[in-house]
Structures are given as C-alpha cells and as structure tokens.
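The values are calculated or read from the model by the stated rules, or taken from the named source; none is laboratory data. If you're wondering where the values come from, they're calculated on a predicted model, not measured in any experiment. Cβ placement follows ideal geometry from the backbone for every residue including glycine, while neighbour counts extend to all protein chains displayed. Please note that ligands, DNA and RNA were not included when accessible areas were found on the heavy atoms of the full protein model with its side chains. Shrake-Rupley method; radii C 1.70, N 1.55, O 1.52, S 1.80 Å.
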Amino acid sequence: FAGLAAAPPPPLAASTGLPFLLVELSSLAALGRSRGVPSAFEALAAGGAATLLPPKVLAYVRLDGSGGEAARLELRARMHRADGSEDAGTGSANCALAGLLASLDGTPPGLVRARVMQGVEMGRPSELLAEAERKGAGAGAEAVGRVRVGGMCAAVSRGELLGW
C-alpha cells in the first residue's frame, strides 16, 4: 500500500460501538489521494471479508512530526465509507483513534491530546478535539482509561420537524 506510514501502528479495526478501520498515512499528499472505493469493498465482501472489514476507513496523518510522541498531536483525517462517500467529522472514529494512540507501548502516562482536522478535502472542515487517559505501562486497551471527543463542525442544514 503506497502512502502507509512506516512506523506503527499498522492499519487496524477499532470501535467505540461502531467499527472503523484506522490507517495512518505517511503524508498529506497520500491523504489527498486516498479514496473510498466501492468496488474494493464489494470485492472483499464477495470474498467473505465483509464481517472482518469495517465499512468505514479513517485515514489520518500526523502533522506535527512528533512520530511516536503522542502527548499532543496535530492530525488531519478523512473518513471514507464503503459506498464511496466521505464524512466531514466523525467523532466516534476519532474517539477510537485517540484511544489507539494512547494504547501504544511507550506512550507515557497522562493525557494524550489530539486536534484532528477532518473534512478539509471535501470543503467541510471540522475540528475535533480528542483526549485519552494513558493509565500506565504496557500496551492495548488495558493501558487506557477515559476517552473523550468534542469540537466544532460545519453546519450543512437547518430545518424544523413538524409532528408525525
């Protein structure tokens, strides 16, 4: 896969109730080239991988050049869906991403904070602020406490619901 980051973590599935594939890319150029390709998802589903591969891929790039330093991250992300569409701001996926980054072996105890810009390439920029509590030594979910996400997004509609 051209454009994958050379350092860990490898692409992996993560969930906060909804499953996502989290993929770190090597550059903004690679992120700009990334796409949700329906035919690729369909081919995987036909091969029986539909239950293994989440229908959404959060591709992200570290902007701050911190490499393994995860205490304060600046990230840019794109959420690709299996149908080829894109999501401008995906809190649940970025929450899973913050938990993943806090779970990596070698991350010091304390809060891991990330500012994630998503939706830029599609003209609907959203700023998500995520943080995850790194409890101590080791790696994996056991090393992570609370994870939170919030932020600002672009309004896309306004309306009124009138009775049933």
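Here are some notes:
- Amide H contacts under 5 Å for Ala5: Glu24, Leu25, Ser26, restricted to partners 5 or more places along the chain or on a different chain, H placed in the peptide plane at 1.01 Å from N.
- Mean-position separation - Cα centroids, segment 1-30 and segment 119-143, in angstrom: 13
- Sequence-distant residues sharing a close amide H with Lys56 (under 5 Å, placed H): Leu21
- Between the beta carbons of Ala141 and Leu162, assuming R0 = 35 Å, the FRET efficiency works out to 0.20 to the nearest 0.05.
- Net lengthening on full extension, Leu4/Ser39 (0.36 nm per residue, minus Cα-Cα): 10.5 nm
- Phi angles of segment 13-25 translate, via the Karplus equation with coefficients 6.51, -1.76, 1.60 and θ = phi - 60°, into HN-Hα couplings of 8, 9, 8, 10, x, 10, x, 9, 9, 9, 10, 7, 9 Hz per residue; Gly and Pro are given as x.
- Accessible-area ranking of Phe20, Phe41, largest first, probe 1.4 Å: Phe41, Phe20
- Beta bridge orientation in the chain: antiparallel %, DSSP, nearest 5: 75
- Under-5 Å amide H pairs with Leu12, H placed in peptide plane, nonlocal only: Leu22
- Per residue accessible area in Å² of the chain, where ligands, DNA and RNA are left out and the probe is 1.4 Å: 55
- The chain, dipole about Cα centre (Lys/Arg Cβ +1, Asp/Glu Cβ -1), debye to the nearest 20: 160
- Arg81-Ser27 pseudo-label distance in nm [points 7 Å out on the Cα-to-Cβ vector]: 3.1
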